[in-house]
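A.B. asks: Can you keep this structure in mind? I'll have questions shortly.
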Amino acid sequence: MPVLLLLVLTTVTWATLLVANRVALLQFHADAYAMTCWQLAFGGLALIILSPGRAIPWRQFSMPLNWFYGFLRVLTGVTWTAALIYISSPQSGILSQTGMPMAALAATFILGRPPHKSEWMGHIVLLIGAGWMAWHLPGGFSNPAVWLMLASEVTAISSSVVAEKHPHNQVTDSWAHLRFTGVLLLITSVMFLIFPPLIGLVAPIDLPSLSLENFFGLPTLLSGLVIGALLRGPAMVLTLRSIKLAGIETYILATSFLPFVLLGIEAIAARFTTTPSPKPDSVFWICAGLVTTGIIMITLSKRQGAKNKTARLATRAATPATAAAQQQ
C-alpha cells in the first residue's frame, strides 16, 4: 500500500473512532475509562484471531517494552476519550495539534533527526492555533479537556517513539504484525482492568469511575466490543505500520488534518444519532486557519530541506569523481 494512502486511511480511521466514542459517551452513556479498556481487549483479541493457524506469541506477553508501550497507549486513549465529554471531536482535533511540535522535539533529541530550522515557525503557528482554541473554551486553560488532551499528546508521542524503535514493529510478515499489535492491545487492557487505580496516579485530572463497578454495564461492553473490533484494532495496526514506513514526524503531520476530517464525520453522525451537530464558530475557523497555515509551512519546509539534502549528497558524490578526472 502506498505510504500516502496508508496515512490517509490511518487518519480517517482514527477520526471515525473518536466520533464513535463520542456517540457512545453521549447517546449510550458508556463509561469512558471502562469502554476504552474493553476496546483494547476486544480489538486485541480480534487481531490475534484474525491470524488463523498461527501460534499465539506467548513470549511477547512477558516483554517489559510491550507493557510500557501499552501503558502509554491506554493513557492516550483514556485521556482523549474523557476529553470528548467536555468538547466536540473537531475541537479535540485542534487541541491535538500540540503533538506536532512534541514530535519534532522527540525527533531532534531522541531519534537524532532534527527538522529544518524553518519548520519551527510552522510549529509555533500550530501552537498558537491550539492555544487560541484552549483560551476560548469554557473556563479557558482550566477546562479539563485542555489538560486531558495535553496528556494524550505527550503519551501519544512517547508511544510513537517506542513504536518506531520496537524490534517487533520492523517485521514484514503481515500476520506477525497483526499478532504483535493484538498482543499490545490485549496486555494493555488486562493491566488496566486489573489495576484501574493505576491510571489515577498519572491522570492530569480526576477521571470518573476508576473502579470495576462500571466496567460491566451493557452499553459500555457493547460499545467496547463493536468499536474495539471494528475500529480500535485496525487503527492500531495502521498506526504502527505508518510509523514504521513514514516515521513519527510524517505520521503526526498527517494526523494534523484530524480537525477537518472529524468535522465532516461528526456532522454525518449527528444526522443519525442524538449527538449534537458540530457548529463551528469563528474561533474554530480561526484556529483551523492557523493549523492549515502551520501544516503548509512545515510541509514546504520539509520539501525544501529534502531538496537541499539531496543537492548536498549529489555535490559530495560528484567531488571525488571531479578530482579523479582532473588527476587524469
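A.B. asks: Quickly run through the stretch 281-296 and pick out the residues that are surrounded by 12 or more Cβ atoms within 10 Å (Cβ to Cβ) and under 23 Å from the mean Cα position of the chain (by Cα).
C.D. replies: If the condition is that a residue be surrounded by 12 or more Cβ atoms within 10 Å (Cβ to Cβ) and under 23 Å from the mean Cα position of the chain (by Cα), then F284, C287, A288, G289, L290, V291, T292, T293, G294, I295, I296 are the ones that fit.
A.B. asks: Then there is this: Taking the stretch 8-38, which residues are surrounded by fewer than 20 Cβ atoms within 10 Å (Cβ to Cβ) and either on the phi > 0 side of the Ramachandran plot or among the small types (G, A, S) (or both)?
C.D. replies: If the condition is that a residue be surrounded by fewer than 20 Cβ atoms within 10 Å (Cβ to Cβ) and either on the phi > 0 side of the Ramachandran plot or among the small types (G, A, S) (or both), then H29 is the only one that fits.
A.B. asks: Any idea which of (1) more than 18 Å from W14 (Cα to Cα); (2) at pLDDT 85 or above is the one T310 doesn't satisfy?
C.D. replies: (2)
A.B. asks: Further question on the same structure: Just one of L47, L18 is of a type outside the set (S, T, N, Q), in a helix (DSSP H, G or I), in contact (Cβ under 8 Å) with a residue 24 or more places away in the chain and more than 22 Å from E266 (Cβ to Cβ); which is it?
C.D. replies: Of the residues listed, the single one that is of a type outside the set (S, T, N, Q), in a helix (DSSP H, G or I), in contact (Cβ under 8 Å) with a residue 24 or more places away in the chain and more than 22 Å from E266 (Cβ to Cβ) is L47.
A.B. asks: Same structure again: Say whether the condition of being modelled with pLDDT under 75, in a helix (DSSP H, G or I) and not aliphatic (A, V, I, L, M) is met by at least one residue in the stretch 50-59.
C.D. replies: yes
A.B. asks: Something else now. Residue check: is S62 more than 21 Å from R271 (Cα to Cα), out of contact with any His (no Cβ under 6 Å at 6 or more places or on another chain), at pLDDT 80 or above and not hydrophobic (A, V, I, L, M, F, W, C)?
C.D. replies: No: the conditions fail for S62.
A.B. asks: Give the stretch 275-294 a look and list any residue that's touching a Gly at 6+ places or on another chain (Cβ under 7 Å) and β-branched (V, I, T), or say none.
C.D. replies: Residue satisfying the conditions is V291 alone.
A.B. asks: Tell me whether the stretch 39-49 contains one or more residues that are farther than 14 Å from G228 by Cβ, buried (at least 24 other Cβ atoms within 10 Å of the Cβ) and of a type in the set (A, V, I, L, M).
C.D. replies: no
A.B. asks: Working carefully through the options P196, P167, P208, find the one that is within 25 Å of F109 (Cα to Cα), touching a helix residue (DSSP H, G or I) at 6+ places or on another chain (Cβ under 9 Å) and at pLDDT below 90.
C.D. replies: P167
A.B. asks: Would it be correct to say that V74 is in contact with a helix residue (DSSP H, G or I) (Cβ under 9 Å, 6 or more places away or on another chain), within 19 Å of L262 (Cβ to Cβ) and assigned to a helix (DSSP H, G or I)?
C.D. replies: It is false that V74 is in contact with a helix residue (DSSP H, G or I) (Cβ under 9 Å, 6 or more places away or on another chain), within 19 Å of L262 (Cβ to Cβ) and assigned to a helix (DSSP H, G or I).
A.B. asks: Additional query: Given the conditions (1) hydrophobic (A, V, I, L, M, F, W, C); (2) closer than 21 Å to P90 by Cα; (3) at pLDDT 85 or above, report the number of the one that L258 does not fulfil.
C.D. replies: Single failed check for L258: (3).
The values are calculated or read from the model by the stated rules, or taken from the named source; none is laboratory data. Remember, it's a predicted structure, so these values are computed and weren't measured experimentally. Every residue, glycine as well, gets a Cβ built from its backbone with ideal geometry; the counts of neighbours run over all protein chains shown.
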